[in-house]
Amino acid sequence: MSDQYLEEFVRESEEAITALNNSLLDLESDPDDEAAMEQIFRTAHTLKGNFGAMGFEEASELAHAIEDLLDGMRDESVPVSGDVMDLIFEGVDRIEAIVTEIDETGETDTATADLVDELRATHEAHESGDAEAVTTEQTGATEGGADPVTVLEAVDTDPTEGLVAAELAVGGEMPGVDAMLALEAIEDQVAILGTVPDREDVEDGAFEESFLIALDAPDDTVAREAIDAAGDAEIRAIDTIAPERIDDARDQGDTSESDGDLASAQSAQEIKSVRVDVDQLDDLHGQVEQLVTSRIKLRRAVEDRNFNSANDTLNELDKVTANLQNTVMDMRLVPLKKVVGKFPRLVRDLARDLDKEITFEIDGEDIELDRTILTEISDPLMHILRNSVDHGIERPDEREAAGKPREGQIELRATRERDHVVITVEDDGAGLDADEIRDQARREGVRSSDELDAMSDDEVYDLVFHPGFSTSEEVTDVSGRGVGMDVVHETVSQLDGSVDVASTLGEGTTVSLRLPVTMAIVKVLFVSVAGERYGIPIKNVDEITRSTESETINGRPVIRHNDEIYPVIDLGEAFDVPGARTNGDGMLVRVRESERRVALHCDAVEAQEEVVVKPLEGILSGTPGLSGTAVLGDGNIVHIIDVVTL
């Protein structure tokens, strides 16, 4: 199969999956949305046909089963309920996993039979008017609902005889003691592979009415005899888990655990390719023709020693390369929806997992950013959204008690401000408690008590970016304790951007990311330190003065500007530059206050120039004080300073 056809198939499938997810969300919020239903059918039909045409029959069959269930929803024999939508979304996730596998290996081994059976059983059950008719054999669950995936989470070792899952209940006023005695008696007959909840919790009585147990037994008859012999436990449900169902369940578990990572990886993969408008290609072709013409004219002028003509040709060349640069920069721009298109589904799933009601809106998804920047901000945005859903938005009953609507609101907005894009994530949740953050920062030694007391609330909010800092005592599966904002800050800073937090207690929180539209070509100010040259991005520079204007406070050099104190950083000391220093006091480059309140000391300030910045990679990635390197026209390499991490 041609790599070109396969690559095109993968890209089209990824776009179709994103469109299908979003249309399904529209349908779930409004079951009468005929336009959404029509779009869903077109997309599902396209996926089915494309899989079939490429020879992926099992994936085509899965898409067909989804299409059939959707047909039942269209004729209203199947309700647009949360459970049915969960099943359809599970099917879409399986298709997404298949596409990812095809993209990586050119083929797929992802199992689909179990899910196809479940989709068809659900459809047939609703068609027959008996929604309870979905059998345990079809759904992959035990009689009492013991999901193999859930059971397997408790199994640390593979069974030697076979795996039997059972749901047990114990009576009496001391359920923990009764459960402990029952487990010990069962263990005399067969090996216990695990329990849900874990055994310690079961023996403490930390379960409601019943618990799950995984036994190493050849079949449910042997397991039932062992449980009955214990005498202290009632069997609510019991089922033998066949080997193929164990494998399928583990595959499902692996898929569900990596949903967030998969969404992020998919976004990154999509941005490896960009669609280019034909007009842009025509412009590029015309500019290359002009470039070739200018090269020929310049060669002739040099051969004829006609320096006036050579100078004119160089001016033409400047214009051509400038236009070429702008065209290529435009071609690298990708709409924000390439990343945020997957977020509505993410928020929906998290809200259901946390029993929260949330409306999520996106505004400005057509705004474009450089594909490199867009790829890098996918994970930070996803983390901010997870924090907002998990720690920001309250549960419906808590919101009602606070006089709020049961349904929380999260909005992601993007706006263009000249050569920057501002992406804002705003929620109407509980907000940040500045006093609580102060207390936590004091306990963790992040700042001294005097510093914390002197800080404004806005300055206190910025402490959430301190590595490892968190105000949440509760660890959750969604976002831990909320830690990780330091990673968000670091990623945005490496992209030459900034991040800000604003919050009102009881009303909500807003996180704003300010990012450059493109970062490949930057205008820099060259400075020298003991013969070494460095580049400082012009947009970071506010003022250049002689170092004679500095003074010393508490033994450290500073300068004053508008009654504000700016500490002075000696670049020679910061980068440990060897060699003798230039005679004289040197120069000071004051950094814009919006970036960092600091002044940089150097020996001399040189010229300004546009350079192509290459980010540091490998073990050099994340080096404090450096954002990348640039190769100059004379072949020399210059380090570009990152004023934020210096």
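Is it the case that V501 is at pLDDT below 75 and surrounded by fewer than 21 Cβ atoms within 10 Å (Cβ to Cβ)? For V501, the condition - at pLDDT below 75 and surrounded by fewer than 21 Cβ atoms within 10 Å (Cβ to Cβ) - is not met. Of all the numbered requirements in (1) within 16 Å of the chain's Cα centre (by Cα); (2) more than 27 Å from E490 (Cβ to Cβ), I358 misses one, and that requirement is (1).
Among the conditions (1) modelled with pLDDT under 90; (2) closer than 15 Å to I641 by Cα, I559 misses just one, which is (2). Could you tell me whether any residue of the range 394-401 is closer than 30 Å to E365 by Cβ, assigned by the TED database to the domain that holds L495, part of a helix (DSSP H, G or I) and of a type in the set (D, E, K, R)? Yes, because at least one residue in the range 394-401 is closer than 30 Å to E365 by Cβ, assigned by the TED database to the domain that holds L495, part of a helix (DSSP H, G or I) and of a type in the set (D, E, K, R). In summary, T552 fulfils each of the numbered conditions (1) under 20 Å from L525 (Cα atoms); (2) among the hydroxyl-bearing types (S, T, Y); (3) modelled with pLDDT of 80 or more with the single exception of condition (1).
Just wondering, is there one or more residues in the range 586-605 that are hydroxyl-bearing (S, T, Y), closer than 28 Å to N562 by Cβ and part of a loop (DSSP other than H, G, I, E, B)?
Looking through the range 586-605, at least one residue is hydroxyl-bearing (S, T, Y), closer than 28 Å to N562 by Cβ and part of a loop (DSSP other than H, G, I, E, B).
Listed residues L385, L374; which is closer than 25 Å to V464 by Cα, touching a Lys or Arg at 6+ places or on another chain (Cβ under 7 Å) and buried (at least 21 other Cβ atoms within 10 Å of the Cβ)?
Checking each option against the conditions leaves just L374.
E411 satisfies every condition listed in (1) in contact with a helix residue (DSSP H, G or I) (Cβ under 8 Å, 6 or more places away or on another chain); (2) outside any helix (DSSP H, G or I) except (1).
The values are calculated or read from the model by the stated rules, or taken from the named source; none is laboratory data. As the structure is a prediction and not an experimental result, all values here were calculated from the model. Using ideal geometry, Cβ is built from the backbone for each residue, glycine included, and neighbour counts are taken over all protein chains shown.
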